[in-house]
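The values are calculated or read from the model by the stated rules, or taken from the named source; none is laboratory data. Quick caveat, the model's predicted, so the values are computed rather than measured. Counting neighbours? That spans all protein chains shown, and the Cβs are built from the backbone with ideal geometry, glycine included. For the accessible areas, the whole protein counts, side chains as well, though only heavy atoms, and no ligand, DNA or RNA atoms are used. Shrake-Rupley method; radii C 1.70, N 1.55, O 1.52, S 1.80 Å.
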Amino acid sequence: MLSGEELYKRYKKGGSTDISPQFSSEEWVCLYTYLSQQNNEDAFHVLEHAIQDHPHCSPLLIQKVKLDLFDGFFDEAFALLSEELSNAPERDIKPLWIDFYFSTGEDDYAKQLLDNLFAEQPDYIETALEYIIPVLRDAEETVRIEYAGYMRRAAEIFPRNHILLEEWRDELKEESRMEEAVKVCNQLIDLEPYSFDYWDDLARIYTVLRRYEQAIEAFDLALTINCSECKEVTQAKILKGYCLYMNGSYEKAVELYKEFQGDACNEITVNAFVSHCHVHMKNYEEAYTMLLELIKHDELDSYTFSVHDFVICCVELNKHEEAYRTLKEAVNKHPLDARLLLMFSLLGIWNENKIDEIKQILDRSMALLNPTVNDPSIIAKCYKLLEIGKSYLEEGDKVNALVYFDLILRIHPEMEELKEPLERIFEDEENPKLAQANHMLSLITLGEATEEELAEYLCKEDYQDTIDEDISAKQNLIQQFFANDKSNN
């Protein structure tokens, strides 16, 4: 029999001459399978044509059921399963019934069939699981979580099956069970040690876990395996540079990022990291020049951090008025940004000659934190604040997470999605360090902390492990700036 590629050439040739190609049912199945694997848009038309030629061919009808279930045509799928395919072999039909019951929300039936499959372990169980586990993984989180146990059992029963291991790894990542995901990644690497994708995925998980040394090693291995210029390799290099930065290897990060100079697609992202590195290396002139361009892009997620670094550079280069002007403009553009509010509120503590203007701007921001606000754009910003807070929470940084959640509570206290992360935080509510840090950061954010309270807070070593090092360092630099500014005036 011809290969799928050869059959496709023949099929296309027939289409161009309006002569219908004559294929056997086996050839149609081969052609459809080939096109599906290639994600070719002709696959659907091929299947329609094939069933017209062979309306009772079980392998073709099975493919039609899979397509109907995927597209949500459950009545059509049920009709085929109940009638045309009622006498099909169990190995072909049972996975489809599981898919049908799962997709239509009949969980009791789906779980009963799955339990039977695992209990009986027929000779086709591995093939059946290769089909059904990805289906379970594609469901909404609230539904998918109920089936996670089946994904785990599938990976345990078949520890050398790439498909089942990959699905279980991805489920663990979705559930933020990163340490377990590392183990599954290593299983996959043992099976295929020269896979760029597996090493790259392991490196990304280590990055999330803040195990930067191991992430760098994994990225190095991935980039040794694949040194092409594809998008995935480019992203791996950028992330490796980020890990070098986070690990304190600033010079290596800058060296790595040199190859992205002139790369229009990645230049802004890369320059944001490079400017961070220059600040840490105290190359303030170079950082200032780069940041002067970066802060023009106020729509980017990195904008707030760029403003922070720009203020630091201005402090070191005695450009005090430019620092103040930039920060004021940033708060006016992003009046709900917790980090910017945190910095700007400090102006009122150390810069008395500008306190009236600062208070006026902060009052405008606080007005936006009125619980009666129903502006869709404000609500959308709340969801962005929620995502930032949740990212801190996933990293174990409850203090910074609370800064963002506190802002949301003042704007949109009825947000249902805030309930679960808050419950996770207050599992640790008896921790006095956490309570103290949250209270003080909330006061700072709202500009209500006194100079004495803030000085006492920043000097207490007991609380240093509860506050983000980046914020702490920037607070100290801002203190220095406004101390200098007052003396100059």
Taking Cα centroids, how far is region 304-318 from region 97-120 in Å?
58
Any chance you could look up the accessible area of K64 with a 1.4 Å probe, heavy atoms only, rounded to 10 Å²?
60
Heavy atoms only, 1.4 Å probe, whole protein assembly: order K252, K237, K333 by accessible area, highest first.
K252, K333, K237
What order do T289, T304 take when sorted by accessible area (1.4 Å probe), most exposed first?
T289, T304
Cα-centre dipole for region 27-145 with unit charges at Cβ (Lys and Arg positive, Asp and Glu negative), debye to 20:
200
Ranked by accessible surface with a 1.4 Å probe, highest first, in what order do E126, E167, E90 come?
E90, E126, E167
Distance in nm between label sites at S195 and D397, each 7 Å beyond Cα in the beta-carbon direction?
3.2
For region 160-269, size of Cβ-based charge dipole, Lys and Arg +1, Asp and Glu -1, in debye:
260
Which one, L165, L129, V143, projects farthest toward the positive side of the charge dipole computed for region 85-215 from Cβ point charges (K/R +1, D/E -1)?
L165
Leaving ligands, DNA and RNA out of it, work out the accessible area of R91 with a 1.4 Å probe and give it in Å² to the nearest 10.
110
Answer in debye to the nearest 20: the dipole magnitude of region 69-198 about its Cα centre, from +1 Lys/Arg and -1 Asp/Glu charges placed on Cβ, is 500
Take the Cα of E213, step 7 Å along the line toward its Cβ, and report every residue of region 235-257 whose backbone nitrogen sits under 19 Å from that point.
240-253
Give the total of Lys-Lys pairs in region 241-340 with Cα-Cα distances below 25 Å; include a pair only if its members are 8 or more places apart or on different chains.
11
Charge dipole (region 1-152, unit charges on Cβ, about Cα centre) - positive-most of Q37, W97, S86
Q37
If I ignore ligands, DNA and RNA and count only protein heavy atoms, how much of V143 is accessible to a 1.4 Å probe, in Å² to the nearest 10?
50
